[in-house]
Amino acid sequence: MFSSTPRGSAGSSGIRALGGRDLASGLAMAVAPQGTPLRTAVGIRVGSDLVDLVVLGTSLPDRGARSNAVAVAGGWGALCALGFWAA
């Protein structure tokens, strides 16, 4: 999906930043103790997935890429939201 982004470009840096943020939030969810810390970590992940949905859904160059990004970000957000209620 992002293979047309040249290495070293602003888009490439943005994708790496999103990946780093997702890695950090995923690790926080994995190591957080039950209760408020876990719910907070999951809530942060859900919020960042919603930001991804908006940013990628409005900024990618072609309609197909935007649709795919919205579907993936929305799916992860929904999955994490389910985890929020289970936490």
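The values are calculated or read from the model by the stated rules, or taken from the named source; none is laboratory data. Please read all numbers here as calculations on a predicted model, not as lab measurements. Backbone-built Cβ (ideal geometry, glycine too); neighbour counts: all protein chains shown.
Below are the figures for this structure:
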read-out	value
Selection status of Leu79, part of a helix (DSSP H, G or I), over 11 Å from the mean Cα position of the chain (by Cα) and at pLDDT 90 or above	no
Residue ID - modelled with the highest pLDDT, chosen from residues in segment 8-41 that are among the hydroxyl-bearing types (Ser, Thr, Tyr), over 19 Å from Cys80 (Cβ atoms) and part of a helix (DSSP H, G or I)	Ser13
Pairs with Cβ under 8 Å, 6+ apart, first in segment 66-87 and under 10 Å from Leu56 (Cβ atoms), second hydrophobic (A, V, I, L, M, F, W, C) and part of a helix (DSSP H, G or I)	Arg66/Leu56; Ala69/Leu53; Ala69/Leu56; Val70/Leu53; Val70/Leu56; Ala73/Leu50; Ala73/Leu53; Ala73/Leu56
Hits in segment 42-57 (condition: buried (at least 16 other Cβ atoms within 10 Å of the Cβ) and over 15 Å from Ala81 (Cα atoms))	Leu56, Gly57
Residue count for segment 58-87, restricted to those that are more than 20 Å from Leu23 (Cα to Cα), surrounded by fewer than 16 Cβ atoms within 10 Å (Cβ to Cβ) and aliphatic (A, V, I, L, M)	1
Close pairs (9 angstrom Cβ cut-off, 6 or more residues apart or separate chains): among the basic types (Lys, Arg) in segment 29-40, exposed (fewer than 10 other Cβ atoms within 10 Å of the Cβ) and modelled with pLDDT of 95 or more anywhere	none
